[in-house]
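Only the coordinates and a few stated rules stand behind these numbers; no lab work does. No experiment lies behind these values; they were computed from the predicted model shown. Glycine also receives a Cβ, built like all others from the backbone with ideal geometry; neighbour counts cover every protein chain displayed.
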Amino acid sequence: MKRKTAIITGSSSGFGLLCAVELALAGFTVIATMRDVTKATELLNLTKEKQLQEFIHVRQLDVTSSESIDTFNQYLTEFSNIAVLINNAGFALGGFSEELGIEDYKYQFETNFFGVIAVTNAVLPFMRANKHGRIINISSISGKIGFPGLSAYTASKHALEGYSESLRLELKPFGIDVSLIEPGSYQTNIWKTIDKIDKDPESPYVRYLNVILQEIESDKRNFGNPAEVAKLAAKIASQPSSPKLRYPIGKGVKTNLILKNAMPWKLLEKFIMTKMKH
């Protein structure tokens, strides 16, 4: 039986790398894309270890570059059955809103939001021609709940959530499903960006920042294994029935979402601010 093709962005590490392996194991031919293919060593080593060399193809793709996407789009014509797109490329820009410029927000959105739209629009004609497809957007609990010091990242993930809702409704008539995976805290490189927030001793937010970084550090022991997210993505991609729109995953994520929906904002705010005072 001929393998279906899955495309994954941001495959050099973290969720993307593990998704590439899990989908190959699930029977897909995987196009594992990344902005810098010199960072493919870990994926290639794992591919060799799992004896999946025949099924995983590494390709350069910068989701923020229209030229890169056009080149990649031409490459896709070599594949007849593009069935899955996992929009995983992204990063987290830490910092307080007052101390971030508009350019910082644009930079964050270029990858986390506009990059998703650009790649999706490039792949959709292939899926529509086949009259089926699965688009899986890797969101975050930050797409549902705001956190201090992460306004740019949170805003980009909130935008991704709204876009995905509309896109799902637009593509249903074409046999294409859109789903969101909403991870909580996992052991990925995304936290390295937040840990590197510049600590200006003169900043009015410096004490607040120290508390937030302490919270992140103390929570690291509870971070989940990113393989859980990759296995979920493979399950969504493979299941015969239409998948759900949202898949929250991670320790405490479902509880936090229930509290966000059930608790008045005033109480939720009080809880968060109390936690930030210690």
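Rounded to the nearest 10 degrees, what's the angle between the helix 206-219 long axis and the longest principal axis of the chain, both from Cα atoms, 0 to 90? The helix 206-219 is inclined about 50 degrees to the chain. Ranked by how many other Cβ atoms sit within 10 Å of their own Cβ, fewest first, the residues Ile141, Ile258 fall in the order Ile258, Ile141.
Sequence gap at least 6, Cα distance under 8 Å: using those rules, report the relative contact order of the range 80-163 to the nearest whole percent. Intermediate values should be presented prior to the final figure.
On the way: 102 pairs, mean separation 38.4, N = 84.
Contact order relative to length: 46 percent.
Cross-link partners of Lys39 among lysines, defined as those whose alpha carbon lies under 28 angstrom from its own and excluding same-chain residues fewer than eight positions apart: Lys4, Lys48, Lys50, Lys106, Lys157, Lys192, Lys196, Lys220, Lys231, Lys235.
Quote the relative contact order of the chain in percent (integer), defining contacts as alpha-carbon pairs under 8 Å separated by 6+ residues. Working shown, then result.
Values: 457 pairs, mean separation 52.8, N = 278.
About 19 percent, as a whole number.
Taken along the Cα-to-beta-carbon direction at a fixed 7 Å, the label points for Asp219 and Thr38 span 3.4 nm. Near Ile181, once Lys and Arg are set to +1 and Asp and Glu to -1 for all other residues with Cβ below 14 Å from its Cβ, the sum equals +4.
Quick one: order Val253, Val63 by neighbouring beta-carbon count within 10 Å, fewest to most.
Numbers: Val253 19, Val63 26.
Lowest count first: Val253, Val63.
When the Kirkwood radius is taken over all Cα pairs of the range 5-275, what Stokes-Einstein diffusion coefficient follows at 20 °C and 1.002 mPa s, in µm²/s?
Details: Rh = 19.4 Å.
The diffusion coefficient I find is 111 µm²/s.
Let's test the formula: R0 of 45 Å, r as the Cβ-Cβ distance of Lys244 and Glu202. What FRET efficiency results, to the nearest 0.05? Before the final figure, lay out the partial values.
Working: r = 48 Å, r/R0 = 1.06.
It comes out at approximately 0.40.
Approximating the spin labels as points 7 Å out from Cα along Cα→Cβ, the Lys48-to-Leu76 distance works out to 3.1 nm.
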